[in-house]
């Protein structure tokens, strides 16, 4: 597996986003299947593993920690705090809290679940806009000084917020959505990351399954599948986007690769500081994704791709109104 840099870490050019095996896309697979996916990634040369306190309200970190414990010195382990499950009288609910006390508590909980003494890269999962970013990053810097975290990152932030945060402590990585159909990063953050020496870790690099080939059967998706609330997968928006998907799939056929591989290869060709972290519940799909690291795309293919799938051709916002209000990225 080729490697890329995140701070002082040499990581596999494609990492594994572990969320899917515990969270967000309907009923998760069995714990045994989730473990198989993580182990298969290890066996295939993946060294970058990404989880969060939020995923499965801690279950994902527990699974990842158990599987990776024996390989801890050979991988780069990433997690996130500032957004986690909190127990209320009527159940566990997702809470965004960027206060120093919450960040410290989240980190300690993550260390315990991950069965490790230190997290290599610890992200602020969401900027809690009621708390100055300097205050949240200051608390994370304290974790670095305490030896509980080696490097810190931010998720779903604008260029202005990144610059403010970086003035407090070096930001090793920004993790946000980036794919052919979500191009907000190209407005300002991607270039600022290059300027600051900050890696850009791209989540949902295959557009939440949209760039994986056949159309999703939305009627078959469980009610708690995250895509059920996303405007791009709704009604007339989705009908319009399927026309773009058909054209995209033809480009993949012409390039001699699968649609998912094409989406990942496009990201790897965009800039050397980009590291995609696709997620999957299938070992077969995992191995398909990782093969994209060896795919060479001609310049004319890159041009054709970007002319086909972009902010003008894709219809609908990436998040609904509530979720859009929780992120800090530049709007298209």
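The values are calculated or read from the model by the stated rules, or taken from the named source; none is laboratory data. Since the structure is predicted, the reported quantities are computational estimates derived from the model, not experimental observations. Note: ideal-geometry Cβ built from the backbone for every residue, glycine included; neighbour counts use all protein chains shown.
Does at least one position in the stretch 176-183 carry a residue that is under 19 Å from residue 82 (Cβ atoms) and not in a helix (DSSP H, G or I)?
Let us first name the residues in the stretch 176-183 that are under 19 Å from residue 82 (Cβ atoms), namely 176-177.
Now narrow it down to the ones that are not in a helix (DSSP H, G or I): 176-177.
Scanning the stretch 176-183, I find at least one residue that is under 19 Å from residue 82 (Cβ atoms) and not in a helix (DSSP H, G or I), so the answer is yes.
In summary, residue 127 fulfils each of the numbered conditions (1) touching a strand residue (DSSP E or B) at 6+ places or on another chain (Cβ under 6 Å); (2) buried (at least 23 other Cβ atoms within 10 Å of the Cβ) with the single exception of condition (1). Annotation for the stretch 92-110: at least one member residue is over 20 Å from the mean Cα position of the chain (by Cα) and part of a loop (DSSP other than H, G, I, E, B). In the stretch 122-141, the condition of being within 19 Å of the chain's Cα centre (by Cα), outside any loop (DSSP other than H, G, I, E, B) and under 24 Å from residue 268 (Cα atoms) is met by at least one residue.
To keep it simple, each residue is scored yes or no on (1) without any contact (Cβ under 8 Å) to a residue 24 or more places away in the chain; (2) buried (at least 17 other Cβ atoms within 10 Å of the Cβ); (3) touching a helix residue (DSSP H, G or I) at 6+ places or on another chain (Cβ under 6 Å).
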position: 239; (1), (2), (3): yes, no, no
position: 274; (1), (2), (3): no, yes, yes
position: 293; (1), (2), (3): no, yes, no
position: 312; (1), (2), (3): yes, no, no
position: 321; (1), (2), (3): yes, no, no
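Considering only the stretch 7-22, I want to know if a residue exists there that is under 15 Å from residue 66 (Cβ atoms), in a strand (DSSP E or B), touching a helix residue (DSSP H, G or I) at 6+ places or on another chain (Cβ under 9 Å) and free of Cβ contacts under 8 Å to residues at least 60 places away in the same chain. No - not one qualifying residue is present in the stretch 7-22.
Quick check: anything in the stretch 36-46 closer than 21 Å to residue 283 by Cβ, part of a helix (DSSP H, G or I) and touching a strand residue (DSSP E or B) at 6+ places or on another chain (Cβ under 6 Å)?
Going through the stretch 36-46, the residues closer than 21 Å to residue 283 by Cβ turn out to be 36-46.
Keeping just the survivors that are part of a helix (DSSP H, G or I) gives 36-43.
Adding the requirement that they be touching a strand residue (DSSP E or B) at 6+ places or on another chain (Cβ under 6 Å) leaves 41.
Yes - at least one qualifying residue is present in the stretch 36-46.
Taken together, the residues in the stretch 241-269 that are surrounded by 14 or more Cβ atoms within 10 Å (Cβ to Cβ), free of Cβ contacts under 8 Å to residues at least 60 places away in the same chain and part of a helix (DSSP H, G or I) amount to 11. In this entry, residue 234 passes the filter for residues that are surrounded by fewer than 19 Cβ atoms within 10 Å (Cβ to Cβ), closer than 22 Å to residue 24 by Cα and at pLDDT 95 or above.
Residues in the stretch 210-232 that are touching a residue at least 40 places away in the same chain (Cβ under 8 Å) and under 24 Å from residue 265 (Cβ atoms): 211, 212, 213, 227, 232.
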